[in-house]
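J.: Got a structure here, written out as structure tokens. Questions coming.
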Amino acid sequence: MAVMTIAKPRVLVVDDEPDINLTFKTGLEANGFIVDAFSDPILALSNFKPGVYDLLLLDVRMPQINGFELYEKFRRIDSNVKACFITSHDVYYQSLKEIFPASMEMLLSGAKGVLRKPISIDDLKETVERFRRDGDQ
């Protein structure tokens, strides 16, 4: 009799703060996720492969390239990639409107799409699971 295994969800975290990366990586891995974390968005982009990740967790404000620009570059490589933005700063309405025109109400309510730091590992886990279940807008 064949045994069926369910693949562990795979997450890419890109945040220029190493402590945030370590916290997210450790917390998600403790909950059964496979996590790749990068403090350098350019390095994350150069290591990105299509079809590998269930979700990208991208910090909005980073040096060199912001999370929105990075997301657009990832989308050119994999048009099906799902992303959730993480910020401790105010997110500009216009930027979100351009990226997610059909989902502004959901995004701004915090239902999915944007997470505010600090975030608990339980909330982070729940968000990743929701994206995996429901998909991206």
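J.: Filter the range 77-88 down to the residues that are open to solvent by less than 10 Å² (accessible area, probe 1.4 Å) and either within 15 Å of Phe38 (Cα to Cα) or modelled with pLDDT of 85 or more (or both) and list them by number. Explain how you work it out, then say what you get.
T.: As a first pass, look at the range 77-88 and keep what is open to solvent by less than 10 Å² (accessible area, probe 1.4 Å): 81, 83-87.
Of everything in the range 77-88, those that are open to solvent by less than 10 Å² (accessible area, probe 1.4 Å) and either within 15 Å of Phe38 (Cα to Cα) or modelled with pLDDT of 85 or more (or both) turn out to be Val81, Ala83, Cys84, Phe85, Ile86.
J.: Under 6 Å by Cβ, and 6 or more places apart or on different chains, what pairs join a residue from the range 119-137 that is modelled with pLDDT of 85 or more with one that is small (Gly, Ala, Ser) and not in a loop (DSSP other than H, G, I, E, B)?
T.: Ile121/Gly27
J.: Using beta carbons and a limit of 7 Å, which pairs, at least six apart or on different chains, have the first residue in the range 25-38 and aliphatic (A, V, I, L, M) and the second one assigned to a loop (DSSP other than H, G, I, E, B)?
T.: Going by the 7 Å Cβ cut-off, the qualifying pairs are Ile34/Lys8.
The values are calculated or read from the model by the stated rules, or taken from the named source; none is laboratory data. On a predicted model such as this, the values are computed, not experimentally measured, just so you know. Backbone-built Cβ (ideal geometry, glycine too); neighbour counts: all protein chains shown. SASA here: full protein model, heavy atoms, side chains in, ligands and nucleic acids out. Shrake-Rupley method; radii C 1.70, N 1.55, O 1.52, S 1.80 Å.
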